[in-house]
Amino acid sequence: MPNSVIPKSVNPDLQKERDGSSFSSEEFTAWWAGGEEALKFIRSVREYLYKDVDQNEMLQIQNMSHEDINEFSVRTSIEAAKKLRRLQEERNPGGEDYWPNLYDSREMWGLTPAGNPFGVMYVMVVKALQAQCTPEQYEDFGKRLERFEICGTYAQTELGHGTYLRGLETRADFDPQTDEFILNTPKISSYKFWPGGLGHASNYCLVMAQLYINNQSKGPHMFFVQVRDEETHEPMPGVHIGDIGKKMGFIGVNNGFLGLKDVRIPRTRMLMRHAKVNADGTYVSSPTNVLTYFAMVRTRCLIGRNSALILSAASTIAVRYSAVRRQSPINPKEPEPQIIDHVTQQMKLFPEIATSLAHRLASDYLWNLYEETLVDIGNGKYERLPELHCLSCALKVTSSMDSTAGIERLRLACGGHGYLTSSNLSNLYVFATAACTYEGENTVLLLQIGRFLMKSWNSALSGAPLAPTVRYLAEVQKNPEFGTWTGTWENMVKAMEYAAANKTRLAFKSLSNRLLRGESEGTAANHTGLELTQAAELHGRAFIFSSFTAEVTGPKSKNRSAAFNRVLENLLELYLVKETLGQLSNLLRFINLTDSDLTSLQDRLEAVLTKLRPDAVAIVDGFDFNDQQLNSTLGAFDGNAYERIFDAALRNPMNQKSVPKSFHEHLKPFMKSNI
């Protein structure tokens with residue numbers, strides 16, 4: 001390999017940006033990390049994990065074959081697991097704060113750049129077993145998985161069915177003669193398809209299947225199934241298993257397929273904390289059906305946070321690149337400016353920073369609600385489950401949509417160099433856009449939110465109490481007039497809630513009218529689908545407006561410096577104004593906004609871009625990604641983008657030979673044949 005052409009110094013333009021910021025980037029970093037102690041912990045972990053990582057190897061994964069990428073992913077994921085285990089033993093033996101809690105955190109990104117085929121095991125399977133197993137079951141097989149003595153994945157999605165769980169075709173028939181379940185995937189469409197790590201990296205599966213007793217369906221339930229031999233790793237009898245092939249992203253996650261033919265498992269391998277099948281075949285139902293899907297609710301909570309982190313990583317890359325790229329004089333006789341000085345470039349960059357903050361803060365609220373609900377479930381209380389389900393769906397939808405669209409805008413903001421795989425923007429994009437589909441396709445989730453809103457609107461009409469995040473529906477029913485538009489932050493939050501409430505009202509009216517005309521509930525809901533999804537999205541955005549504003553203006557602001565608060569206020573201003581302008585078609589339908597009001601919003605948008613300009617680099621530095629996590633030639637901390645781009649090109653395997661063999665085998669003979 002050639003010697004590196006990357007300088008040891010920091011690009012002077014990038015250093016100038018850091019020196020000229022108005023606030024402490026370190027204060028931002030500590031706040032983003034959750035406090036000084038949390039930041040100290042994270043950085044000490046990162047220093048330990050990355051001290052021997054070969055960055056050049058990580059940049060070469062796009063040049064590998066599909067099989068080599070998957071082998072690479074298993075190796076790097078296991079190496080990361082070993083490091084975390086050692087760290088746990090060295091610093092806190094017997095604890096879980098390093099291993100396994102950090103195994104699928106953002107600290108792993110740079111260690112497993114092609115993806116972690118064992119990530120689903122700790123994000124979903126272990127948590128599902130903890131929530132759904134009896135204590136005896138968890139002792140029997142749950143702890144083995146938690147300790148990584150065996151490896152597993154969560155197999156729910158099928159070739160023919162995804163989000164619609166009641167349509168799943170995998171069967172688990174109870175055989176009272178042998179006290180076993182018999183699992184089958186009766187046709188190709190019933191094969192499990194897509195689970196991460198299923199292809200060749202798992203020997204057990206948590207399988208979602210339709211439970212049948214005496215050929216009567218009891219609905220979807222979870223079963224713990226061995227799919228490969230623990231010693232040889234060969235598929236078990238009756239198991240047809242493999243990798244589904246190349247995908248747009250998650251290139252090393254080893255997504256797989258699974259077919260089952262008369263596979264027998266003990267009755268005690270159905271997870272039975274809530275629903276039960278006794279040895280005589282009697283069935284005891286769960287106190288609430290959503291408990292069966294609670295692992296998915298938790299994962300949707302995580303998606304909101306991860307989508308915000310992915311967008312913040314892309315923002316870091318694009319902002320740093322924009323600070324060192326010089327192009328197109330603003331005035332003809334002046335030197336080429338940093339492209340971040342162009343207002344149009346600022347509009348591509350800064351709103352995505354603000355959006356990543358908005359979604360991160362909303363996900364913090366959601367995560368707290370999840371933890372509270374988990375405690376309630378342990379005490380036999382299930383009242384908050386519908387609200388948690390709705391809110392997790394709403395944030396999953398908005399965060400995945402916004403991060404997908406935002407990363408593409410940021411890629412375009414980097415011009416042609418953003419199109420390089422070495423920029424890592426394409427990889428971040430495919431991570432983000434996948435979240436629009438997995439753990440519930442976004443449109444289907446919006447329809448589920450819509451149903452929750454219809455029930456909530458109807459409850460408000462009857463005076464029944466509402467969940468905290470939909471109480472604004474009752475307020476709008478009591479006070480149907482919006483009042484005066486003032487343009488304050490609080491006023492904009494109220495405006496978004498008012499628009500969401502009125503969209504809900506109109507959807508409820510349309511649904512009710514269709515029912516009165518004799519349409520069935522399903523048909524009426526289908527015909528009202530567009531209005532339901534519109535109301536659902538606005539509900540999600542109203543929640544984000546509220547949570548972002550509360551964090552920036554609430555009592556926590558007293559613990560921050562005045563300079564840092566000004567930066568957060570600027571980001572809040574940008575987010576609220578930009579989103580308000582983007583939702584004018586909804587707002588103008590219900591609120592009287594004058595031309596002067598709209599002009600004021602445009603002026604505010606341009607003004608806040610100017611205010612944020614000196615602090616942009618310091619803000620993205622505050623996200624505190626190291627170079628290995630970003631894995632980008634454009635976004636490194638030193639700002640030497642051109643040298644890193646060229647260095648990556650020099651290391652391209654194609655350039656290790658001066659003449660490719662295709663010249664002698666094909667090109668030269670063809671050209672000579674014309675003589």
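The values are calculated or read from the model by the stated rules, or taken from the named source; none is laboratory data. All of these numbers come straight from a predicted model, not from anything done at the bench. Counting neighbours? That spans all protein chains shown, and the Cβs are built from the backbone with ideal geometry, glycine included. Side chains are part of the model used for accessible areas, which takes the heavy atoms of the whole protein and leaves out ligands, DNA and RNA. Shrake-Rupley method; radii C 1.70, N 1.55, O 1.52, S 1.80 Å.
Of the residues Glu372, Glu352, which is open to solvent by 10 Å² or more (accessible area, probe 1.4 Å), under 28 Å from Gly440 (Cα atoms), assigned to a helix (DSSP H, G or I) and charged (D, E, K, R)? Testing whether each residue is open to solvent by 10 Å² or more (accessible area, probe 1.4 Å), under 28 Å from Gly440 (Cα atoms), assigned to a helix (DSSP H, G or I) and charged (D, E, K, R) leaves just Glu372. Scanning the range 500-516 for residues that are buried (at least 22 other Cβ atoms within 10 Å of the Cβ) and in contact with a Lys or Arg (Cβ under 9 Å, 6 or more places away or on another chain) yields Ala500, Lys503. Only one residue in Glu481, Glu521, Glu490 is at pLDDT below 95, of a type in the set (Asp, Glu), open to solvent by 70 Å² or more (accessible area, probe 1.4 Å) and over 30 Å from Arg106 (Cβ atoms). Which one? One residue alone meets the criteria, Glu481. The criterion of being among the aromatic types (Phe, Trp, Tyr), touching a Ser or Thr at 6+ places or on another chain (Cβ under 7 Å) and open to solvent by less than 10 Å² (accessible area, probe 1.4 Å) does not hold for Phe543.
Let me confirm something: among Asp597, Asp621, Asp603, which residue is open to solvent by 40 Å² or more (accessible area, probe 1.4 Å) and modelled with pLDDT of 95 or more? Show your work before the answer.
Values: Asp597 fails: open to solvent by 40 Å² or more (accessible area, probe 1.4 Å); Asp621 fails: open to solvent by 40 Å² or more (accessible area, probe 1.4 Å).
So the residue among Asp597, Asp621, Asp603 that is open to solvent by 40 Å² or more (accessible area, probe 1.4 Å) and modelled with pLDDT of 95 or more is Asp603.
Close contacts from the range 371-382, counting a first residue that is under 18 Å from Arg300 (Cα atoms) and a second that is open to solvent by 60 Å² or more (accessible area, probe 1.4 Å), with Cβ to Cβ under 6 Å and a gap of 6+ residues or different chains, come to Thr373/Arg384. Looking across the range 103-135, just one residue is within 13 Å of Val45 (Cβ to Cβ) and either of a type in the set (S, T, N, Q) or at pLDDT 95 or above (or both), and that is Ser105.
Consider only pairs whose beta carbons are under 8 Å apart and that are at least six residues apart or on different chains; among these, list those whose first residue lies in the range 492-520 and is under 10 Å from Ala535 (Cα atoms) and touching a residue at least 60 places away in the same chain (Cβ under 8 Å) and whose second residue is not β-branched (Val, Ile, Thr) and not in a helix (DSSP H, G or I). Final answer for the pair search is Ala499/Gln583. Has the range 89-97 got any residue that is small (Gly, Ala, Ser), over 20 Å from Ala33 (Cβ atoms), out of contact with any Ser or Thr (no Cβ under 7 Å at 6 or more places or on another chain) and not in a loop (DSSP other than H, G, I, E, B)? No, because not a single residue in the range 89-97 is small (Gly, Ala, Ser), over 20 Å from Ala33 (Cβ atoms), out of contact with any Ser or Thr (no Cβ under 7 Å at 6 or more places or on another chain) and not in a loop (DSSP other than H, G, I, E, B).
When you look at Leu634, is it at pLDDT below 95 and under 45 Å from the mean Cα position of the chain (by Cα), yes or no? It is false that Leu634 is at pLDDT below 95 and under 45 Å from the mean Cα position of the chain (by Cα).
If you check Gln156, Gln210, which single one turns out to be over 23 Å from Ala434 (Cβ atoms) and touching a residue at least 24 places away in the same chain (Cβ under 8 Å)? Let's see the steps before the verdict.
Working: Gln156 fails: over 23 Å from Ala434 (Cβ atoms).
Only one candidate passes the filter, namely Gln210.
All conditions but one from (1) more than 22 Å from the chain's Cα centre (by Cα); (2) under 22 Å from Gly197 (Cα atoms); (3) not aliphatic (A, V, I, L, M) apply to Asp54; the one that does not is (2). Close contacts from the range 424-447, counting a first residue that is more than 12 Å from Ser399 (Cβ to Cβ) and a second that is modelled with pLDDT under 95 and open to solvent by 20 Å² or more (accessible area, probe 1.4 Å), with Cβ to Cβ under 6 Å and a gap of 6+ residues or different chains, come to Val430/Met248; Gly440/Thr163; Glu441/Thr163; Val444/Thr163. Take Thr580 and decide whether it is of a type in the set (Ser, Thr, Tyr) and under 30 Å from Ser25 (Cβ atoms). When the stated conditions are applied, Thr580 passes them. A search for C-beta distances below 7 Å between a residue of the range 468-482 that is more than 16 Å from Leu369 (Cα to Cα) and any residue that is outside any loop (DSSP other than H, G, I, E, B) and open to solvent by 40 Å² or more (accessible area, probe 1.4 Å), counting only pairs 6+ apart in sequence or on different chains, returns Gln477/Leu461.
Taken over the range 450-463, residues that are under 12 Å from Gln477 (Cβ atoms), of a type in the set (A, V, I, L, M, F, W, C) and open to solvent by less than 60 Å² (accessible area, probe 1.4 Å) amount to 2.
Tell me which residues, restricted to the range 264-313, are in a strand (DSSP E or B) and either open to solvent by less than 10 Å² (accessible area, probe 1.4 Å) or among the aliphatic types (A, V, I, L, M) (or both).
Step one: of the range 264-313, the residues in a strand (DSSP E or B) are 264-266, 270, 276-277, 283-284.
Passing the criteria: Ile265, Met270, Val277, Val284.
Looking across the range 628-675, just one residue is open to solvent by 20 Å² or more (accessible area, probe 1.4 Å), within 23 Å of Lys51 (Cα to Cα), of a type in the set (A, V, I, L, M, F, W, C) and not in a helix (DSSP H, G or I), and that is Phe637.
If you scan the range 79-100, which residues turn out to be surrounded by fewer than 18 Cβ atoms within 10 Å (Cβ to Cβ) and under 23 Å from the mean Cα position of the chain (by Cα)? Even if it seems obvious, please write down each step before you answer.
If we filter the range 79-100 for residues that are surrounded by fewer than 18 Cβ atoms within 10 Å (Cβ to Cβ), which is where we start, we get 79, 82, 85-86, 89-97.
Within the range 79-100, Asp97 is the sole residue that qualifies.
Checked against (1) farther than 18 Å from Pro386 by Cβ; (2) open to solvent by less than 20 Å² (accessible area, probe 1.4 Å); (3) part of a helix (DSSP H, G or I); (4) not basic (Lys, Arg), Glu497 passes all but a single condition, namely (2). Of the residues that sit in the range 101-135 and are buried (at least 22 other Cβ atoms within 10 Å of the Cβ) and of a type in the set (Ser, Thr, Tyr), which one is nearest to Gln156 (Cα to Cα)? Looking at the filtered set, the residue picked out is Tyr103.
Tell me which residues, restricted to the range 49-66, are open to solvent by 30 Å² or more (accessible area, probe 1.4 Å), assigned to a helix (DSSP H, G or I) and out of contact with any strand residue (DSSP E or B) (no Cβ under 9 Å at 6 or more places or on another chain). Result: Gln55, Asn56, Glu57, Leu59, Gln62, Asn63.
Of the candidates Tyr212, Tyr204, Tyr154, the single residue that is touching a Gly at 6+ places or on another chain (Cβ under 6 Å) and modelled with pLDDT of 95 or more is Tyr204. Residues in the range 464-475 that are aliphatic (A, V, I, L, M) and open to solvent by 20 Å² or more (accessible area, probe 1.4 Å): Ala464, Leu466, Ala467, Ala474. Looking at Ser322, is it modelled with pLDDT of 95 or more, within 30 Å of Ser632 (Cα to Cα), of a type in the set (S, T, N, Q) and over 15 Å from the mean Cα position of the chain (by Cα)? So Ser322 passes the test. Residue pairs whose Cβ atoms lie under 7 Å apart, separated by 6 or more positions or on different chains, with the first residue in the range 558-579 and within 24 Å of Lys348 (Cα to Cα) and the second outside any helix (DSSP H, G or I) and open to solvent by 30 Å² or more (accessible area, probe 1.4 Å), are Phe564/Ser24.
The residue pairs whose first member lies in the range 580-591 and is open to solvent by less than 60 Å² (accessible area, probe 1.4 Å), whose second member is at pLDDT 95 or above and of a type in the set (Lys, Arg), and whose beta carbons are closer than 7 Å, counting only pairs six or more residues apart or on different chains, are Asn586/Lys503.
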